[in-house]
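The values are calculated or read from the model by the stated rules, or taken from the named source; none is laboratory data. Quick caveat, the model's predicted, so the values are computed rather than measured. Here the Cβ positions follow ideal geometry from the backbone for every residue, glycine too, while neighbour counts run over all protein chains shown. Accessible surface is based on the protein model in full, side chains and every heavy atom, while ligands, DNA and RNA are left aside. Shrake-Rupley method; radii C 1.70, N 1.55, O 1.52, S 1.80 Å.
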Amino acid sequence: GDSVTQMEGPVTLSEEAFLTINCTYTATGYPSLFWYVQYPGEGLQLLLKATKADDKGSNKGFEATYRKETTSFHLEKGSVQVSDSAVYFCALSDITSYDKVIFGPGTSLSVIP
Amino acid sequence: GAVVSQHPSRVICKSGTSVKIECRSLDFQATTMFWYRQFPKKSLMLMATSNEGSKATYEQGVEKDKFLINHASLTLSTLTVTSAHPEDSSFYICSARDRGSTNEAFFGQGTRLTVV
């Protein structure tokens, strides 16, 4: 079945450092790809998404590009802030899986001043 | 964007009692809603798919008699944890897909269930 793999962390960075969180997926169809963020004690928020190959999703300085050839959707940010500390989930949704959202294990990010 | 409201946000109950969690789509109709469970420091595991007007579809390993799902209208799905035990303590999150516009999945705020 469909699945998502991502680096689990935890990741600790200094403020203004560059962030990369790797994500790869396995899908039988042609999925849409997402990054969700969960701040401490809160629910999920959609951070960005991409629906087809070579699409780049971006939001709040975060970016990820849908790479079909490598089945990847790595999350990047050029300069992280303390307020970016959260858990980040890579996810996919595929019509062949009845549009269920399937999540990766999550990556905990801590940004220190 | 669309809003999914989940209630309650926190609940504490005694072992053996039942707890109902509501998930509402506030400004769109959702024929399908999803229920997830999140263990501490873990990812979200899909429990079941809730279908309006029909039985829910449960993922493998999820006890359908323990986690009762009802999707009586296009804007409301409920998850009832029956005869709760401490091991049912977890964070439960619902999701609804807005097929009318963006076909995007929106998530509720989650419910922290503690069984004592």
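Within segment B:59-87, which residues are closer than 12 Å to residue B:20 by Cα and touching a residue at least 24 places away in the same chain (Cβ under 8 Å)?
Within segment B:59-87, B:67, B:69, B:77, B:78, B:79, B:80, B:81, B:82, B:83, B:84 qualify.
From the list A:86, A:64, which residue is small (Gly, Ala, Ser) and within 14 Å of chain B (Cβ to nearest Cβ)?
Going through A:86, A:64 in turn, just one is small (Gly, Ala, Ser) and within 14 Å of chain B (Cβ to nearest Cβ): A:86.
Is there a residue being modelled with pLDDT of 95 or more, touching an Asp or Glu at 6+ places or on another chain (Cβ under 6 Å) and β-branched (Val, Ile, Thr) anywhere in segment A:47-66?
No, segment A:47-66 contains no residue that is modelled with pLDDT of 95 or more, touching an Asp or Glu at 6+ places or on another chain (Cβ under 6 Å) and β-branched (Val, Ile, Thr).
Might you let me know whether segment A:7-25 holds any residue that is in contact with a Lys or Arg (Cβ under 8 Å, 6 or more places away or on another chain), at pLDDT 95 or above, within 14 Å of chain B (Cβ to nearest Cβ) and open to solvent by less than 50 Å² (accessible area, probe 1.4 Å)?
no
This table checks each residue for (1) among the small types (Gly, Ala, Ser); (2) closer than 23 Å to residue A:1 by Cβ.
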site	(1), (2)
B:18	yes, no
B:21	no, no
B:24	no, no
B:32	no, yes
B:37	no, yes
B:40	no, no
B:49	no, yes
B:61	yes, yes
B:67	no, yes
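Being of a type outside the set (Val, Ile, Thr) and under 16 Å from residue B:93 (Cβ atoms) narrows it down to one residue among A:42, A:76; which is it?
A:42 is the lone residue from the list that is of a type outside the set (Val, Ile, Thr) and under 16 Å from residue B:93 (Cβ atoms).
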